[in-house]
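A short worksheet on the structure shown next.
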Amino acid sequence: MLASAPITSLVGTVKPELAKAFYGDTLGLKFISDDGFALVFEGKNARVRVSRVPGVTPAAYAVLGFTVDDIEAAVDGLTAKGVVFARYGFFVQDARGVWAAPDGTKVAWFHDPDLNLLSVVQHV
């Protein structure tokens, strides 16, 4: 029923000005609009609606992922823009913070200004 409907991901913010700079300038998503309730950004194949909310309770898992062709280049580029990649003690990550899954998929995690967990993923 919804297979052909465009998808919009939703995340919350209590820091809309920081979120606008992060999603637009740091991540490089195209800013579409600010309707007073949410900031809307566009990537290659989806939109992200960053909603103004009274409080954010970050999930313990990634809520938004970006598929990349070269995870090392993506991590290096984001690090150069001030992004800090998360480190976890329950699996092995390389010096950049990249974890390699058993099938060869590579993942690195980072937070937005509201501590929403995001990821970059390089699939096999």
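When the chain is treated as a Gaussian network with alpha carbon springs shorter than 10 Å, the biggest mean-square fluctuation among Phe37, Phe22, Phe90 belongs to Phe90. Were the residues from His111 through Tyr61 laid out at 0.36 nm apart, the gain over their Cα-Cα distance would be 16.9 nm. Over all other residues within a Cβ to Cβ distance under 14 Å of Ala80, the charged ones net out to -1, with Lys and Arg as +1 and Asp and Glu as -1. With a cut-off of 19 Å on the backbone N, the residues of segment 93-111 near the modelled label site 7 Å out from Val124 along Cα-Cβ are 93-94, 98-108. With contacts taken as Cα pairs under 8 Å and at least 6 residues apart, segment 8-122 reaches a relative contact order of 28 percent. In the elastic network of the chain, a GNM with C-alpha springs shorter than 10 Å, the most mobile of Glu72, Glu42, Glu17 is Glu17. Mean residue ellipticity at 222 nm, helices only, the chain: -3000 deg cm²/dmol; runs of at least 4 DSSP H residues each add -39,500 (n - 2.57), and the sum is divided by the number of residues. Each of Ile32, Ile7, Ile71 was scored by other Cβ atoms within 10 Å of its Cβ. Listed from fewest to most, they are Ile7, Ile32, Ile71.
Electrostatic bookkeeping for Lys15 treats Lys and Arg as +1 and Asp and Glu as -1; over the other residues with beta carbon under 10 Å from its beta carbon, the sum is -1. All Cα-Cα separations within the chain were binned at 5 Å from zero, giving a P(r) of 2, 10, 20, 23, 20, 14, 8, 3, 0, each value a whole percent of the pairs. Annotated for segment 8-122: lysine pairs at least 8 residues apart or interchain, Cα distance under 23 Å, count 10.
The numbers here are math on the coordinates, done by the rules we state, and not lab data. Everything numeric here is computed off the predicted structure, so don't read it as measured data. In this analysis, Cβ positions are derived from the backbone assuming ideal geometry, glycine residues included, and neighbour counts consider all displayed protein chains.
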